[in-house]
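In what follows, a structure is listed as structure tokens, so that the remarks can point back to it.
No lab work stands behind these numbers, since they all come straight from the coordinates. Keep in mind it's a predicted model, so treat the numbers as computed, not measured. Cβ: placed from backbone, ideal geometry, glycine included. Neighbour counts: every protein chain shown.
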Amino acid sequence: MNTTVDPKPGDRVRNPHCRDWGLGEVLATSGGGKLRVYFVHGGEKTLKGVPLEVVTGEEAAHPFLDHRKIDGPRRGLVRRTIPQGIEKFLGLFKAGFRDPAYFERERNYKVAAHELLSSSLDPGQFRTLLDQAEYGEICTRSLRVVNATNLIFPNEKMALRDGVASPEAKERFAVSLGDLLYGAAAVRDRFEHWCETLHAIEAPKWTIATYFQFLAFPNEFMFLKPTVTQDAADVCGFELNYRPELNWLTHRCVQEFSEYLRGEIASLEPRDLIDVQSFIWCIAPGKYDKSD
């Protein structure tokens, strides 16, 4: 790290007088020594005559700045820093993730669905059902887990139910879901094979693609509800590389967004990605703040 009064666009910097702004990236320079800098916790600032510290090497890496969305927010959305998002969340739930209202509105039903999946489709049961070619039973239990929450839209639930109507589709779905959850191949390979299956049964929706991993392993995988997650990421200025077609890049960016948020809201002590997903839901305009 070294100090300079003449950083270049793209440089990662800190303001020694405002350390709470966190790491920043120089967006542009202009005449008179003016700089436009985006700080992780301070947002975009225009500075003049401030000797910034240029940060290099491993210290310059940051999950948000590495995924910072270049374009402005979509119409109707307003950018917020994470501290502002936390303030909004605590305005909804004063005790944060320990608030009784939070448990009632956001957490309890997701945990119940996780427990249902864990009790009905754990690795041992899944292997036994596959060995016995009980593909229809796996589909029945899977649909029961799907119906345990409102995270998947009704028309998407119907598409999945219709998609596994035939014996061939039941077998393909069951084998692919088992591989997604408990297979030994790389995560990317398992996810892409799962997406191929969803296309084949005509249910290629992001909600379905990410639902089972999220409930089976809520400490590892995030659920993607397209509009809500896009809005939250846009509010935070995080680039998801979202495409409506199922793809690995978007899936990976969603996981990185959730891990970034989990680190940034560590003071709230999130238990898992169920809490992080609920935080995403709360900071995105719509459900809790119709005025956004």
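For residue 207, what is the net charge nearby, where nearby means another residue's Cβ is under 13 Å from its Cβ and Lys, Arg count +1, Asp, Glu -1?
So the surrounding residues net to +2.
Counting Lys +1, Arg +1, Asp -1, Glu -1, what net charge surrounds residue 143 among other residues with beta carbon under 9 Å of its beta carbon?
+4
What ranking of 110, 69 emerges when the number of other C-beta atoms within 10 Å of each C-beta is taken as an exposure proxy, fewest first?
Neighbour counts put them in this order, fewest first: 69, 110.
Contact order normalised by length for region 173-255, with contacts defined as Cα pairs under 8 Å and 6 or more residues apart; what percent is it?
So the answer I get is 25 percent.
To the nearest 20 debye, what charge dipole does region 82-283 have about its Cα centre, counting +1 at the Cβ of each Lys and Arg and -1 at the Cβ of each Asp and Glu?
The dipole magnitude comes to about 380 debye.
Mind checking which of 258, 207, 17 is farthest towards the positive end of the chain's charge dipole, using Cβ charges of +1 (Lys, Arg) and -1 (Asp, Glu) about the Cα centre?
The residue sitting farthest along the positive end of the dipole is 17.
Determine the sum of side-chain charges near residue 15: Lys and Arg each +1, Asp and Glu each -1, restricted to other residues whose C-beta is under 9 angstrom from that of residue 15.
Net charge in that neighbourhood comes out at +2.
Can you give the percent of C-alpha pairs in the chain whose distance is more than 32 Å?
Considering the chain, 35 percent of its Cα-Cα pairs are separated by more than 32 Å.
Please list, in chain and number order, the residues 5+ apart from residue 55 or on another chain whose amide H is under 5 Å from its amide H, with Hs placed from the backbone.
Answer set, sorted by chain and number: 12, 13, 14.
Using +1 at the Cβ of each Lys and Arg and -1 at the Cβ of each Asp and Glu in the chain, identify which of 154, 60, 95 lies farthest towards the dipole's positive end.
Going by the charge dipole, the pick is 95.
Ranked by Cβ crowding within 10 angstrom, fewest neighbours first, how are 227, 81 ordered?
227, 81
Counting other beta carbons within 10 Å of each Cβ, put 188, 12, 172 in order, fewest first.
The order, fewest Cβ neighbours first, is 188, 172, 12.
Calculate one ³J(HN,Hα) per residue across region 149-164 by plugging θ = phi - 60° into the Karplus curve 6.51 cos²θ - 1.76 cosθ + 1.60, and present them in order as whole Hz with x for glycine and proline.
Calculated HN-Hα couplings, in order: 9, 9, 5, 9, 4, x, 5, 6, 4, 5, 4, 5, 4, 5, x, 9 Hz.
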